[in-house]
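Q: One structure, as structure tokens, below. Some questions next.
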């Protein structure tokens, strides 16, 4: 009797079944939506990865092209074709003597004479000086 | 009734026995099913799971990027680009005609040929290998069913043959050989990763996150001590020297003597590492670390160093040179076959006298003399970080092939074999106050840490040992300055004090020394009081003159002159504040 009373006071069976079916449909629908979302995102990730790889490869190819264009041999040939050539260095004479840096002074192999002008007679370069009269060597011409 | 009862009893029994049979078959069937379930779910579960995974998944290797090699100024010297391998699975090609016409234009092949491949009764056919980047990308963009496009990394060297020997090569199997590529192969290659993805019945990956993924670990980038501008200076001047002096081959090494860092290393003839397969195999080895030669007079600085450091001689020690000296039963003569009378040790080095060298080695004694050779690293690997280094050859007293006369001949660089890297390192020790450094070419590693960021790991210079004392090194430096000022004048650069030594070595053959061919060399460093660079020039079989002073010394000068400018080293008077523009 008690069981019968409970059954009477509960939801009708067809409503319970309807709710259950509705929940089932909702579940599958949500799963479908989520699966679709995952699939779309997955495709996007795949495409993005492919694009990233392609860009990496393109970047490597461009870097190679730039490096090849900037190769020393190629640059030297271009410079030569444009009329550039190696130039001997020209040192300008100094008006005043430079004070040697302290640590440099300690490294000197030749002792500086008392007057501090020249440590040793300047070396002569019989063969080289003859070919390089334009080099001032830090001295007033 | 009884007649009726009997058949009923029989029917019941029959029915019962039928039910028993049926029950038996049902139980048996159930047992079989349970048995199979146990078999599939328990006994063979692991194997079947693996089979199922293998059927629906696909594991692909993700190759690691090989680290780039950069020069001291971070300019790429070796890097990876991509080429493509194009292949097809004919079974999966949906429209062979259209696909063939699309591919033929891109691959530059006849349509009929491509069509034949696409319709071949095979599971897989290669269409083209080593297709260039733009074509490969275009074919991949077609997204044609059944067409497989695989990008493959290819090592390229934008500077061509400029760094060929120093860098080495990477073969088709992506294995590095020779030079930096060979020595640092493991560091550069990185570690390949893998990715396992699920695939659909056609074989295309399903766009869901991978089942399993281990990302590749890229190889470390290497930053070298080598400066491509200095390398180019050395290359140009060496090439000019080979042309001018008619030498067969040659090498130039530039090093920072204070640290042992190699600033340039060139050998000619060279090869294009981008097409190394076409090159002569003999050219692939780096002569700077692999080729030995009898150094000749250039070696005398080591002998003088030993004599000075043991106190056997001083720069002013005198020796009467009558033109010959007998050591161990062998008569040693000077290069000019003349006697020079009373000479000091300084004079002996300036005039490069073999008799004086033999006098020093014999006076020093064989044990101390060979001990100093070891201290300067002769006959030992320098452990430079370049592949295929040779140890040179030094015969020691006690060896079966050592003769007493070798104490004399070794003193001026005969009967001994060294590699250019050994020789320059030994002389660099003199420039570096007697401290022998380990030569090196990699200044820093750029490695990826666990969080994916990049960090730089610097390489510190490494001192090996004090070969000679600081005082000895400075005294010897002054003697070497005299060599350049009075002897090898063609090595001079106006305004700079340079310490150096020439060498003219005879070439040993199976029948004694070659009558005319020589190996000319010069090693020098500058500025003498505070060396910033040391240069070794070696020219093999020069034709215009056999002498190092006439061929290698001027080559040194040409290089040094440009290095002074490039490295911004002012002339000595300016640098030391001695001129001050006095009239």
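Q: Please go through region B:293-345 and pick out each residue that is in a loop (DSSP other than H, G, I, E, B), out of contact with any helix residue (DSSP H, G or I) (no Cβ under 9 Å at 6 or more places or on another chain) and buried (at least 19 other Cβ atoms within 10 Å of the Cβ).
A: Within region B:293-345, just B:294 meets the criteria.
Q: What's the number of the condition residue B:195 fails, among (1) in contact with a helix residue (DSSP H, G or I) (Cβ under 9 Å, 6 or more places away or on another chain); (2) within 14 Å of another protein chain (Cβ to nearest Cβ); (3) within 30 Å of residue A:50 (Cβ to Cβ)?
A: (1)
Q: Here's a follow-up. Would you point out which residue out of B:389, B:383, B:450 is in contact with a helix residue (DSSP H, G or I) (Cβ under 9 Å, 6 or more places away or on another chain), in a loop (DSSP other than H, G, I, E, B) and over 26 Å from residue B:526 (Cβ atoms)?
A: B:389
Q: Let me ask something else about it. Among strands (runs of 3 or more DSSP E) lying entirely in region B:144-254, which contain 2 or more residues that are surrounded by fewer than 23 Cβ atoms within 10 Å (Cβ to Cβ)?
A: B:147-156, B:193-198, B:212-214
Q: Moving on. Do we have residue B:201 as more than 14 Å from every other protein chain (Cβ to nearest Cβ) and without any contact (Cβ under 8 Å) to a residue 24 or more places away in the chain here?
A: Here the answer is yes, as residue B:201 does meet what is asked.
Q: Using the structure shown, decide if residue B:98 is surrounded by fewer than 19 Cβ atoms within 10 Å (Cβ to Cβ) and either outside the structural domain of residue B:174 (by TED's automatic domain parsing) or closer than 24 Å to residue A:65 by Cβ (or both).
A: Against the criterion (surrounded by fewer than 19 Cβ atoms within 10 Å (Cβ to Cβ) and either outside the structural domain of residue B:174 (by TED's automatic domain parsing) or closer than 24 Å to residue A:65 by Cβ (or both)), residue B:98 qualifies.
Q: Would you point out which residue out of A:59, A:49 is more than 9 Å from chain B (Cβ to nearest Cβ) and modelled with pLDDT under 90?
A: A:49
Q: Moving on. Out of the residues in region B:491-523 that are within 14 Å of chain A (Cβ to nearest Cβ) and assigned to a strand (DSSP E or B), which is nearest to residue B:569 (Cα to Cα)?
A: This residue is B:499.
Q: Just to be sure, is residue B:270 in contact with a helix residue (DSSP H, G or I) (Cβ under 6 Å, 6 or more places away or on another chain), more than 25 Å from residue B:519 (Cβ to Cβ) and either assigned by TED's automatic domain parsing to the domain that holds residue B:251 or buried (at least 17 other Cβ atoms within 10 Å of the Cβ) (or both)?
A: No, not satisfied.
Q: Turning to a different aspect of this structure: Of the conditions (1) in contact with a helix residue (DSSP H, G or I) (Cβ under 8 Å, 6 or more places away or on another chain); (2) within 12 Å of chain A (Cβ to nearest Cβ), residue B:573 clears all except one; give me its number.
A: (1)
The values are calculated or read from the model by the stated rules, or taken from the named source; none is laboratory data. The shown structure was predicted, so the numbers you read here are calculated from the model rather than taken from an experiment. Please note: Cβ atoms are built from the backbone with ideal geometry, for glycine as well, and neighbour counts cover all protein chains shown.
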